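First the structure, in the form of structure tokens, and then the observations on it.
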Amino acid sequence: MKTAILYFSLSGNTETAAKAMASAIEADLFAIETTKPYPKSFVGRIFVGGFQAMFKKKPSIKPLSFTPAQYDLIIIGTPTWAGSVVPAIRTALAKFDFSSRNVALYSTFAGEAGRSISEMTELAVGAKIVDVKSAKEPAKVSDSLDSLTAWAKGLISR
Ligand SMILES: Cc1cc2nc3c(=O)[nH]c(=O)nc-3n(C[C@H](O)[C@H](O)[C@H](O)COP(=O)(O)O)c2cc1C
């Protein structure tokens, strides 16, 4: 099974999970980056990122040679910002064509998982959502990292 993991990560949690899953299931990794970087400070990130998330902004993202049609399964990962999917994933879900693709969604969060999974489910138009999972900060919580890795292994053994 040819698998891709597409993710955005600002402080490493979603990326740590993406990398662990990619090495466990031999998936291709695609990191989404915004054209304009976010502030370095936590307060700046909360201000700019939180605003963009709340107002459902779609910031421009750097070019990525990712073709959904080449994959049997696509795993998409987002941090949770202001209870929502991050703006860059909103952009990616509008930009790439996921119709009739098998897609699995995961989110990472600090406190509560919020609406990011349900929003991604709506935004991945025409995709077949095969499974979803949310986990608390996998770079800091080893159980979260283990459970996401096990989840990814389960996805490809179906
Ligand atoms: C702008 C911003 C807003 C956030 N909002 C929330 C939130 O509403 N709920 C929550 O549980 N965590 C929130 N967090 C924490 C992140 O979701 C959490 O740390 C996540 O794992 C970060 O992923 P990353 O390290 O891959 O960037 C927020 C973080 C940032 C930077």
- Task: State all residues of the range 125-138 that are surrounded by fewer than 18 Cβ atoms within 10 Å (Cβ to Cβ) and in a loop (DSSP other than H, G, I, E, B); if no residue qualifies, say none.
- Result: Val125, Gly126
- Any hit, the range 102-124, residues being in a loop (DSSP other than H, G, I, E, B), under 20 Å from Ala4 (Cβ atoms) and either within 16 Å of the ligand (Cβ to nearest atom) or not small (Gly, Ala, Ser) (or both): no
- Name the residues in the range 1-16 that are part of a helix (DSSP H, G or I) and more than 6 Å from the ligand (Cβ to nearest atom), would you? Thr16
- Query: Which one of the conditions (1) under 20 Å from Leu73 (Cβ atoms); (2) modelled with pLDDT of 95 or more does Met1 fail to meet, given that it meets all the rest?
  - Reply: (2)
- Note on the structure: Of the residues in the range 1-46, those that are of a type in the set (Lys, Arg), surrounded by fewer than 15 Cβ atoms within 10 Å (Cβ to Cβ) and within 23 Å of Leu105 (Cβ to Cβ) come to Lys2
- What are the residues in the range 31-45 that are in a loop (DSSP other than H, G, I, E, B) and either more than 21 Å from Leu123 (Cβ to Cβ) or free of Cβ contacts under 8 Å to residues at least 40 places away in the same chain (or both), if any? Thr35, Lys36, Pro37, Tyr38, Pro39, Lys40, Ser41
- Could we say that Gly49 is surrounded by 13 or more Cβ atoms within 10 Å (Cβ to Cβ) and over 14 Å from the mean Cα position of the chain (by Cα) here? yes
- For the range 52-63, what are the residues that are more than 14 Å from Val85 (Cα to Cα), touching a residue at least 12 places away in the same chain (Cβ under 8 Å) and not basic (Lys, Arg)? Ser60, Ile61
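Does Arg101 qualify as being more than 12 Å from the chain's Cα centre (by Cα), buried (at least 18 other Cβ atoms within 10 Å of the Cβ) and of a type in the set (Lys, Arg)? Don't jump to the end; show me each part of the working.
Details: more than 12 Å from the chain's Cα centre (by Cα): yes; buried (at least 18 other Cβ atoms within 10 Å of the Cβ): yes; of a type in the set (Lys, Arg): yes.
Yes.
To keep it simple, each residue is scored yes or no on (1) away from the ligand (no atom under 16 Å from the Cβ); (2) of a type outside the set (Asp, Glu); (3) in contact (Cβ under 8 Å) with a residue 60 or more places away in the chain.
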{"position": "Ala20", "(1), (2), (3)": "no, yes, yes"}
{"position": "Leu29", "(1), (2), (3)": "no, yes, no"}
{"position": "Phe47", "(1), (2), (3)": "no, yes, no"}
{"position": "Gly50", "(1), (2), (3)": "no, yes, no"}
{"position": "Ser65", "(1), (2), (3)": "yes, yes, no"}
{"position": "Ala69", "(1), (2), (3)": "yes, yes, no"}
{"position": "Trp81", "(1), (2), (3)": "no, yes, no"}
{"position": "Ser84", "(1), (2), (3)": "no, yes, no"}
{"position": "Ala94", "(1), (2), (3)": "yes, yes, no"}
- Message: Suppose we filter Ala88, Ala92 for residues that are under 23 Å from Glu122 (Cβ atoms), in contact with a Pro (Cβ under 7 Å, 6 or more places away or on another chain) and part of a helix (DSSP H, G or I); which single one remains?
- Response: Ala88
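The values are calculated or read from the model by the stated rules, or taken from the named source; none is laboratory data. Remember, it's a predicted structure, so these values are computed and weren't measured experimentally. All Cβ positions, even for glycine, are placed from backbone atoms using ideal geometry, and neighbour counts span all protein chains on display.
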